[in-house]
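The values are calculated or read from the model by the stated rules, or taken from the named source; none is laboratory data. Owing to the predicted nature of the structure, the values given are computational and were not obtained by experimental measurement. Virtual Cβ from ideal backbone geometry, glycine too; neighbours counted across all protein chains shown. The area values use the complete protein model at the heavy-atom level, side chains included, leaving out ligands, DNA and RNA. Shrake-Rupley method; radii C 1.70, N 1.55, O 1.52, S 1.80 Å.
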Amino acid sequence: MDTWTVTILLHYLLCASLVQSAPVGLPSNLPPAFRETAVEAKTLSEKILKDISAAHTATVKDFSLDSSSQMSNLQMMAVSMGIPSSPVLKVLSEHFTLDMCVSRMLAGVQMYQNLLEVLSSRASGLEDLKADLRDLLNHINKLTEAQLGADYSDQNPISDLDSHLQDSYSVQVAVHMTLTQLRSFCHDLNRTFRVLITYRP
Ligand SMILES: *[C@@H]1O[C@H](CO)[C@@H](O)[C@H](O)[C@H]1NC(C)=O
(Lines give C-alpha, C1' and ligand atoms only; values in the text may rest on other atoms or scores of the structure.)
Protein backbone atom coordinates (compact mmCIF):
# COMPACT_ATOMS: atom_id res chain seq x y z
CA MET A 1 0.00 0.00 0.00
CA ASP A 2 1.27 3.46 -0.77
CA THR A 3 1.15 6.32 1.71
CA TRP A 4 -1.92 7.79 0.10
CA THR A 5 -3.94 4.59 0.40
CA VAL A 6 -2.92 4.30 4.04
CA THR A 7 -3.97 7.89 4.68
CA ILE A 8 -7.39 7.24 3.11
CA LEU A 9 -7.85 4.05 5.14
CA LEU A 10 -6.95 5.81 8.38
CA HIS A 11 -9.32 8.61 7.49
CA TYR A 12 -12.22 6.17 6.99
CA LEU A 13 -11.41 4.25 10.17
CA LEU A 14 -11.32 7.48 12.13
CA CYS A 15 -14.65 8.64 10.68
CA ALA A 16 -16.23 5.26 11.34
CA SER A 17 -15.15 5.32 14.96
CA LEU A 18 -16.66 8.77 15.45
CA VAL A 19 -20.09 7.78 14.25
CA GLN A 20 -22.68 6.78 16.80
CA SER A 21 -26.40 6.45 16.38
CA ALA A 22 -28.03 9.82 16.80
CA PRO A 23 -31.09 11.63 15.47
CA VAL A 24 -30.98 12.94 11.92
CA GLY A 25 -28.89 16.10 11.90
CA LEU A 26 -30.76 18.32 9.47
CA PRO A 27 -31.22 21.98 10.33
CA SER A 28 -34.86 23.03 10.68
CA ASN A 29 -34.49 26.15 8.53
CA LEU A 30 -33.73 24.64 5.12
CA PRO A 31 -35.04 27.06 2.48
CA PRO A 32 -37.61 25.76 -0.07
CA ALA A 33 -35.00 26.14 -2.84
CA PHE A 34 -32.91 23.52 -1.07
CA ARG A 35 -35.62 20.91 -1.33
CA GLU A 36 -36.41 21.73 -4.98
CA THR A 37 -32.76 21.42 -5.91
CA ALA A 38 -32.49 18.15 -4.00
CA VAL A 39 -35.48 16.77 -5.95
CA GLU A 40 -33.81 17.65 -9.26
CA ALA A 41 -30.50 16.26 -8.10
CA LYS A 42 -32.18 12.99 -7.10
CA THR A 43 -33.76 12.68 -10.56
CA LEU A 44 -30.32 13.26 -12.07
CA SER A 45 -28.67 10.62 -9.91
CA GLU A 46 -31.30 8.14 -11.11
CA LYS A 47 -30.66 9.16 -14.73
CA ILE A 48 -26.94 8.63 -14.17
CA LEU A 49 -27.64 5.13 -12.88
CA LYS A 50 -29.35 4.34 -16.19
CA ASP A 51 -26.63 6.00 -18.26
CA ILE A 52 -23.93 4.02 -16.47
CA SER A 53 -25.34 0.78 -17.92
CA ALA A 54 -25.40 2.25 -21.43
CA ALA A 55 -21.89 3.65 -21.11
CA HIS A 56 -20.60 0.34 -19.79
CA THR A 57 -22.14 -1.62 -22.66
CA ALA A 58 -20.67 0.82 -25.17
CA THR A 59 -17.19 0.85 -23.68
CA VAL A 60 -16.35 -2.40 -21.89
CA LYS A 61 -16.30 -5.73 -23.71
CA ASP A 62 -14.20 -7.81 -21.31
CA PHE A 63 -16.35 -7.55 -18.17
CA SER A 64 -20.02 -7.32 -17.34
CA LEU A 65 -21.28 -4.64 -14.94
CA ASP A 66 -23.07 -7.20 -12.78
CA SER A 67 -20.45 -9.90 -12.65
CA SER A 68 -18.64 -10.19 -9.34
CA SER A 69 -16.03 -12.63 -10.61
CA GLN A 70 -12.45 -11.32 -10.31
CA MET A 71 -13.79 -8.41 -8.28
CA SER A 72 -11.05 -8.38 -5.65
CA ASN A 73 -8.41 -8.68 -8.35
CA LEU A 74 -9.91 -5.82 -10.32
CA GLN A 75 -10.23 -3.76 -7.14
CA MET A 76 -6.53 -4.16 -6.48
CA MET A 77 -5.73 -3.15 -10.05
CA ALA A 78 -7.96 -0.08 -9.69
CA VAL A 79 -6.09 1.03 -6.56
CA SER A 80 -2.72 0.51 -8.24
CA MET A 81 -3.92 2.51 -11.26
CA GLY A 82 -4.80 5.52 -9.12
CA ILE A 83 -8.60 5.10 -9.01
CA PRO A 84 -9.56 6.20 -5.47
CA SER A 85 -12.53 4.87 -3.48
CA SER A 86 -15.70 6.94 -3.31
CA PRO A 87 -16.20 9.27 -0.35
CA VAL A 88 -18.41 7.52 2.21
CA LEU A 89 -21.91 8.98 2.63
CA LYS A 90 -23.16 8.06 6.07
CA VAL A 91 -26.59 8.48 7.56
CA LEU A 92 -27.04 12.07 8.72
CA SER A 93 -26.56 12.54 12.45
CA GLU A 94 -25.02 15.07 14.78
CA HIS A 95 -21.66 13.47 13.90
CA PHE A 96 -22.26 13.46 10.16
CA THR A 97 -23.82 16.83 9.48
CA LEU A 98 -25.48 18.15 6.36
CA ASP A 99 -22.36 20.24 5.64
CA MET A 100 -20.13 17.17 5.76
CA CYS A 101 -22.58 15.21 3.68
CA VAL A 102 -22.90 17.82 0.93
CA SER A 103 -19.16 18.40 0.81
CA ARG A 104 -18.56 14.65 0.37
CA MET A 105 -21.17 14.48 -2.38
CA LEU A 106 -19.40 17.31 -4.12
CA ALA A 107 -15.96 15.74 -3.67
CA GLY A 108 -17.25 12.43 -5.05
CA VAL A 109 -18.88 13.90 -8.14
CA GLN A 110 -15.77 16.00 -8.82
CA MET A 111 -13.61 12.90 -8.41
CA TYR A 112 -15.64 10.91 -10.96
CA GLN A 113 -15.66 13.88 -13.32
CA ASN A 114 -11.88 13.97 -13.19
CA LEU A 115 -11.61 10.22 -13.78
CA LEU A 116 -14.06 10.29 -16.69
CA GLU A 117 -12.16 13.19 -18.20
CA VAL A 118 -9.04 11.02 -18.35
CA LEU A 119 -10.90 7.89 -19.49
CA SER A 120 -12.87 9.63 -22.24
CA SER A 121 -9.62 10.53 -23.99
CA ARG A 122 -8.96 6.76 -24.27
CA ALA A 123 -12.45 5.35 -24.82
CA SER A 124 -15.58 6.61 -26.56
CA GLY A 125 -19.11 6.30 -25.17
CA LEU A 126 -18.64 8.27 -21.95
CA GLU A 127 -19.84 11.69 -23.16
CA ASP A 128 -23.45 11.44 -21.87
CA LEU A 129 -22.22 10.43 -18.47
CA LYS A 130 -19.78 13.34 -18.39
CA ALA A 131 -22.61 15.76 -19.21
CA ASP A 132 -24.82 14.20 -16.49
CA LEU A 133 -22.09 14.57 -13.90
CA ARG A 134 -21.56 18.21 -14.87
CA ASP A 135 -25.30 18.81 -14.34
CA LEU A 136 -25.26 17.02 -11.02
CA LEU A 137 -22.24 19.02 -9.88
CA ASN A 138 -24.11 22.26 -10.66
CA HIS A 139 -27.05 21.07 -8.60
CA ILE A 140 -24.95 20.07 -5.63
CA ASN A 141 -23.17 23.42 -5.89
CA LYS A 142 -26.60 25.07 -5.63
CA LEU A 143 -27.29 23.02 -2.50
CA THR A 144 -24.14 24.42 -0.92
CA GLU A 145 -25.21 27.97 -1.86
CA ALA A 146 -28.72 27.46 -0.48
CA GLN A 147 -27.48 26.21 2.81
CA LEU A 148 -23.76 26.48 3.40
CA GLY A 149 -21.23 29.21 3.16
CA ALA A 150 -18.04 27.21 2.92
CA ASP A 151 -15.69 27.00 -0.04
CA TYR A 152 -15.93 23.68 -1.83
CA SER A 153 -13.35 23.95 -4.55
CA ASP A 154 -12.07 20.60 -5.81
CA GLN A 155 -9.87 19.11 -3.06
CA ASN A 156 -9.25 15.79 -4.78
CA PRO A 157 -5.61 14.84 -5.26
CA ILE A 158 -4.56 14.73 -8.92
CA SER A 159 -4.90 11.13 -10.09
CA ASP A 160 -2.08 9.64 -12.13
CA LEU A 161 -4.55 7.29 -13.83
CA ASP A 162 -3.55 8.41 -17.32
CA SER A 163 -0.01 7.06 -16.94
CA HIS A 164 -1.43 3.59 -16.12
CA LEU A 165 -3.55 3.29 -19.24
CA GLN A 166 -0.89 1.53 -21.33
CA ASP A 167 -3.06 -0.84 -23.38
CA SER A 168 -6.68 -1.51 -24.20
CA TYR A 169 -6.97 -4.07 -21.40
CA SER A 170 -5.98 -1.53 -18.75
CA VAL A 171 -8.42 0.97 -20.25
CA GLN A 172 -11.20 -1.65 -20.00
CA VAL A 173 -10.33 -2.38 -16.38
CA ALA A 174 -10.19 1.31 -15.49
CA VAL A 175 -13.54 2.12 -17.15
CA HIS A 176 -15.16 -0.98 -15.64
CA MET A 177 -13.99 -0.18 -12.12
CA THR A 178 -14.78 3.53 -12.37
CA LEU A 179 -18.33 2.81 -13.55
CA THR A 180 -18.83 0.08 -10.94
CA GLN A 181 -17.77 2.45 -8.15
CA LEU A 182 -19.74 5.34 -9.61
CA ARG A 183 -22.86 3.17 -9.70
CA SER A 184 -22.57 2.35 -6.04
CA PHE A 185 -21.85 6.02 -5.21
CA CYS A 186 -25.01 7.05 -7.13
CA HIS A 187 -27.07 4.55 -5.14
CA ASP A 188 -25.76 6.29 -2.00
CA LEU A 189 -26.62 9.68 -3.53
CA ASN A 190 -30.14 8.51 -4.41
CA ARG A 191 -30.63 7.32 -0.85
CA THR A 192 -29.21 10.53 0.65
CA PHE A 193 -31.25 12.86 -1.57
CA ARG A 194 -34.34 10.92 -0.54
CA VAL A 195 -33.62 11.74 3.10
CA LEU A 196 -33.05 15.41 2.25
CA ILE A 197 -36.32 15.58 0.29
CA THR A 198 -38.59 13.79 2.72
CA TYR A 199 -37.34 15.71 5.73
CA ARG A 200 -39.96 17.91 7.41
CA PRO A 201 -39.02 20.12 10.35
C1 LIG B 1 -33.92 5.78 -5.93
O2 LIG B 1 -34.69 5.93 -4.77
C3 LIG B 1 -36.09 5.65 -4.92
C4 LIG B 1 -36.74 5.96 -3.59
O5 LIG B 1 -36.67 7.32 -3.33
C6 LIG B 1 -36.28 4.23 -5.33
O7 LIG B 1 -37.66 3.97 -5.51
C8 LIG B 1 -35.55 3.99 -6.63
O9 LIG B 1 -35.64 2.63 -6.98
C10 LIG B 1 -34.09 4.37 -6.48
N11 LIG B 1 -33.47 4.30 -7.79
C12 LIG B 1 -32.54 3.43 -8.08
C13 LIG B 1 -32.10 3.41 -9.50
O14 LIG B 1 -32.06 2.68 -7.27
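Listing for the model above:
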| read-out | value |
| --- | --- |
| Region 181-198-region 65-132 distance, computed between alpha-carbon centres (Å) | 13 |
| Entries of Lys42/Lys130; Lys42/Lys142; Lys50/Lys130; Lys90/Lys130 with Cα pairs more than 19 Å apart | Lys90/Lys130 |
| Ser28 versus His187: modelled label distance in nm, points set 7 Å from Cα along the beta carbon direction | 3.6 |
| Per residue accessible area in Å² of region 52-201, where ligands, DNA and RNA are left out and the probe is 1.4 Å | 48 |
| Burial order of peptide ranges 102-110, 131-139, 60-68 (average beta-carbon count within 10 Å, highest first) | 102-110, 131-139, 60-68 |
| Spin-label model distance (nm) - Ser168 vs Asp135, 7 Å beyond Cα toward Cβ | 3.1 |
| Label point at Asp154 placed 7 Å out along Cα→Cβ; residues across region 52-92 whose backbone nitrogen lies under 18 Å | 82-87 |
| Accessible carbon and sulfur surface of region 40-120 relative to its total accessible area, %, 1.4 Å | 54 |
